[in-house]
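> Below is the structure I would like to discuss, written out as structure tokens.
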């Protein structure tokens, strides 16, 4: 195992508490309060635009937020649903939820805000026309215009170049094209006029492309490029109050993209960033991105008096006792409340509320005794309010904003360091929505999420249950809204905060997302019932496709304790012929129908996520043959192929790298390398010789794709023969497949593979195909995307000694968990090569 550098270890120690407690409330120190006041005195904004989580330049976002003190946001058109996952098994919608939270974790570190569109990351796209054929371009453009009208950026920065379609991911180019178009449309009253009932038109001052030598191919070419229309920024500044360089903060932010393997070390010293001017008003002063833009309080009518107060506080800030400034901060707050410019009034009011609370050392917390409740359910709320300053603070009342009754909790004057603690039972309104990710509430399309509530479009996350704290500070009333949270003490990690959620009284999850029937015999299908309340009684049934049968028709159940689970089993019998369909469990309890499954996503660097989706699973009847029995699987970056292979009767055994020795592999009929195994398991470079020896002695080794380039690998002997890896891929899951060697055994034994077996594939054909190999390899399949030459490296087979070495970039890691029949047959043939069919 590679050791961490000393710097990485130090950063881990400094930030482990923050990472492990992603929901912990902020408790700013005086240095952070001072920086918030500096930000309060800057009225300018920057919107950074790209396509995916990880596309953003965290150095620039941190620089604008922490050095320039500008309000800074990242608009990611997608949530990264179509990528891969290096830390777990979440894919598609669940991966989008994980990556959304990773973006929010990154913004908590670099100081930016996060915005999204409704675009669904459907997978890799080679050029923007393909992207727009799957996205609803008009809807996504509408979302970008809406983001500009809501955020009102002075400056927009595109991560990618709108002029180079086909040179990068199609989503990348599409994001730049949409941003440039929206730059003009946002100020046009005829464009998306329905938005103008809630928001005003807005014209940003200027728009840039965040270029670099990478876009020019080499540093030498970039050095010679015309830079007359570029602004250069030295982003390598050092923040004395933070004790960190901008590069160190940016690295901590980027390292939150853990499921993509973007952990990185911080940098120090000068680092130049370049912004190429595209449209708008080019700044006369090339050293000032906001040249010609008033970023002081005089920008808003009657703001001069506010600026005078706040600038004086900034100039004479008391680091030892920030509470001394409370009377003046409150005075500024009241003036902000009366501003005509509601946009800046809303932003600065929220910023100032945080500063006032922090300056007073005011601790306000509403904790639920349980992690979840139900619509119309009850929970015990534990309130704590504490004033740690010498200023007058009175808690007038606390209102529960999601109650079905008028539940208001009275308060009292908060004497210094004398906490007020109150316990109260509250009831949730019947119509309270579940706290599942809002963009998954409705069924969308391949390219778009459906969001019925227009006010939610663009928001990163669903709303949580809130308390309204009604206060009087220094004699002036304040209203503060804060989420109710759940807190507990972990023996290892200490105090842990998690979201407080509203969930159904009952959920049902089929244990296997896909069940494969390799013959006409019935199988037991198990369903997990989870109680969202105590004393749950009901009946559960299982809907099955036409020509399938299920027994019994329904099962009675009773679960005494909340959060307890019960597993029930149904006998499902397939038809005699090949068939594929959907099964769905239905719970009836107290006259209510429940048909959702609950999926929990839990990692230390993000808040716990509870995701509700329609409870469905696939059943597939296959006429499939296989040879071999015992399969060794070396897990890579997280896929579910082992479970899929078990479904069709293989004895799959997980092999740990440390277990690989000269003699330990003999029992396996085939060994399968998980996706990106060579990328994520450094030890394999020491074990590869044993794997190749296994092949030489008669074994079958199936190596699935690994990435190349920046996050690739450098194992010269990964293959027994020369094999060059590339970025070649075929993104059209319906692309025609040709058989380059129709007589080869992998297309004929033990299952005959035909064109029909490539129907129903999902997201893509495959990725990271080799583009060069020696004569020992036989290419099996040819395929291509529209307008491209045929790629022949998706499946390569070579004899080596007595066995077979197979390298494949076909996306089996997506197709098998999705229950694609042809993918099962082909994968079985790969395992079976050189073996007799089991009788």
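The values are calculated or read from the model by the stated rules, or taken from the named source; none is laboratory data. Predicted model, so just to flag it, every value in this text is computed and none were measured. Cβ: placed from backbone, ideal geometry, glycine included. Neighbour counts: every protein chain shown.
> Give, as residue ranges, the strands (runs of 3 or more DSSP E) completely inside region 660-754 that count at least 1 residues that are assigned by TED's automatic domain parsing to the domain that holds residue 126, free of Cβ contacts under 8 Å to residues at least 12 places away in the same chain and in contact with a strand residue (DSSP E or B) (Cβ under 6 Å, 6 or more places away or on another chain). Spell out the reasoning first.
Values: elements: 670-673, 700-704, 723-730, 737-739.
The strands (runs of 3 or more DSSP E) meeting that bar number zero.
> Would you mind finding the one in 525, 516, 457, 473 that is under 26 Å from the mean Cα position of the chain (by Cα) and buried (at least 18 other Cβ atoms within 10 Å of the Cβ)?
457
Every residue, every condition in (1) modelled with pLDDT of 95 or more; (2) surrounded by 18 or more Cβ atoms within 10 Å (Cβ to Cβ), yes or no:
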| residue | (1), (2) |
| --- | --- |
| 331 | yes, no |
| 339 | yes, yes |
| 351 | yes, no |
| 367 | yes, no |
| 370 | no, no |
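> Also: Which one of these does residue 814 not meet: (1) modelled with pLDDT under 95; (2) closer than 15 Å to residue 641 by Cβ; (3) not in a helix (DSSP H, G or I)?
Of everything listed in (1) modelled with pLDDT under 95; (2) closer than 15 Å to residue 641 by Cβ; (3) not in a helix (DSSP H, G or I), residue 814 misses just condition (3).
> A follow-up question, please. Go through region 281-298 and report how many residues are within 20 Å of residue 355 (Cβ to Cβ) and crowded, with 17+ Cβ neighbours inside 10 Å.
2
> Spot the failing condition for residue 27; the list is (1) modelled with pLDDT of 80 or more; (2) under 22 Å from residue 71 (Cβ atoms); (3) part of a loop (DSSP other than H, G, I, E, B), and only one is missed.
Result: residue 27 passes all but (2).
> Okay, next question. Does region 746-762 hold any residues that are surrounded by fewer than 19 Cβ atoms within 10 Å (Cβ to Cβ) and closer than 26 Å to residue 676 by Cα, and which are they?
Within region 746-762, 759, 760, 762 qualify.
> Shifting gears a bit: Filter region 307-316 for residues that are without any contact (Cβ under 8 Å) to a residue 60 or more places away in the chain and either touching a strand residue (DSSP E or B) at 6+ places or on another chain (Cβ under 6 Å) or closer than 14 Å to residue 326 by Cα (or both); which is surrounded by the fewest Cβ atoms within 10 Å (Cβ to Cβ)? Full working, then the answer.
Taking region 307-316 as the starting set, the residues that turn out to be without any contact (Cβ under 8 Å) to a residue 60 or more places away in the chain are 308-309, 312, 315-316.
From the residues that got through so far, the ones that are either touching a strand residue (DSSP E or B) at 6+ places or on another chain (Cβ under 6 Å) or closer than 14 Å to residue 326 by Cα (or both) too are 309, 312, 316.
On the way: 309: 17, 312: 12, 316: 9.
Only one residue fits best here, namely 316.
> Against the definition (over 26 Å from residue 365 (Cβ atoms) and in contact with a helix residue (DSSP H, G or I) (Cβ under 6 Å, 6 or more places away or on another chain)), how does residue 525 come out, yes or no?
no
> Name, by its number, the condition in (1) buried (at least 17 other Cβ atoms within 10 Å of the Cβ); (2) at pLDDT 95 or above; (3) over 12 Å from residue 502 (Cβ atoms) that does not hold for residue 421.
So the condition that residue 421 fails would be (1).
> Would you be able to say whether some residue in region 192-209 is free of Cβ contacts under 8 Å to residues at least 60 places away in the same chain and within 30 Å of residue 786 (Cβ to Cβ)?
no
> May I pose another question? Just one of the numbered conditions (1) free of Cβ contacts under 8 Å to residues at least 60 places away in the same chain; (2) within 30 Å of residue 536 (Cβ to Cβ); (3) buried (at least 19 other Cβ atoms within 10 Å of the Cβ) is not true of residue 414; which one?
(2)
> Enumerate the strands (runs of 3 or more DSSP E) found wholly within region 564-654, keeping only those where 2 or more residues are under 30 Å from residue 537 (Cβ atoms).
Where strands (runs of 3 or more DSSP E) fall fully within region 564-654 and carry at least 2 residues being under 30 Å from residue 537 (Cβ atoms), they are 565-573, 579-589, 592-594, 596-601, 609-614, 617-621.
> Within region 765-788, which residues are part of a loop (DSSP other than H, G, I, E, B) and modelled with pLDDT of 95 or more?
765, 774, 775, 776, 780, 784
> Ok, one more. Just give me the residues in region 545-603 being touching a helix residue (DSSP H, G or I) at 6+ places or on another chain (Cβ under 7 Å) and under 16 Å from residue 523 (Cα atoms), in sequence order.
Listed by number, the residues that qualify are 578, 580.
> Listed residues 660, 681, 671, 702; which is crowded, with 20+ Cβ neighbours inside 10 Å, at pLDDT 95 or above, touching a helix residue (DSSP H, G or I) at 6+ places or on another chain (Cβ under 7 Å) and more than 30 Å from residue 516 (Cα to Cα)?
None of the other options fit; the residue is 660.
> Using the structure shown, decide if residue 536 is crowded, with 20+ Cβ neighbours inside 10 Å, in contact (Cβ under 8 Å) with a residue 24 or more places away in the chain, closer than 25 Å to residue 622 by Cα and more than 27 Å from the chain's Cα centre (by Cα).
For residue 536, the condition - crowded, with 20+ Cβ neighbours inside 10 Å, in contact (Cβ under 8 Å) with a residue 24 or more places away in the chain, closer than 25 Å to residue 622 by Cα and more than 27 Å from the chain's Cα centre (by Cα) - is not met.
> Could you grab me the full set of residues in region 789-805 that are in contact with a strand residue (DSSP E or B) (Cβ under 6 Å, 6 or more places away or on another chain), surrounded by fewer than 24 Cβ atoms within 10 Å (Cβ to Cβ) and within 26 Å of residue 736 (Cα to Cα)?
If the condition is that a residue be in contact with a strand residue (DSSP E or B) (Cβ under 6 Å, 6 or more places away or on another chain), surrounded by fewer than 24 Cβ atoms within 10 Å (Cβ to Cβ) and within 26 Å of residue 736 (Cα to Cα), then 790, 791, 792, 797, 798 are the ones that fit.
> Given (1) farther than 20 Å from residue 755 by Cβ; (2) part of a strand (DSSP E or B), identify the lone condition not met by residue 797.
So the condition that residue 797 fails would be (1).
> Please verify whether residue 460 is in contact with a strand residue (DSSP E or B) (Cβ under 6 Å, 6 or more places away or on another chain), assigned to a loop (DSSP other than H, G, I, E, B) and touching a residue at least 40 places away in the same chain (Cβ under 8 Å), treating the condition exactly as stated.
yes
A quick yes/no check of all residues on (1) over 18 Å from the mean Cα position of the chain (by Cα); (2) modelled with pLDDT of 95 or more:
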site	(1), (2)
37	yes, yes
43	yes, yes
50	no, yes
66	yes, yes
76	no, yes
89	no, no
102	no, yes
115	no, yes
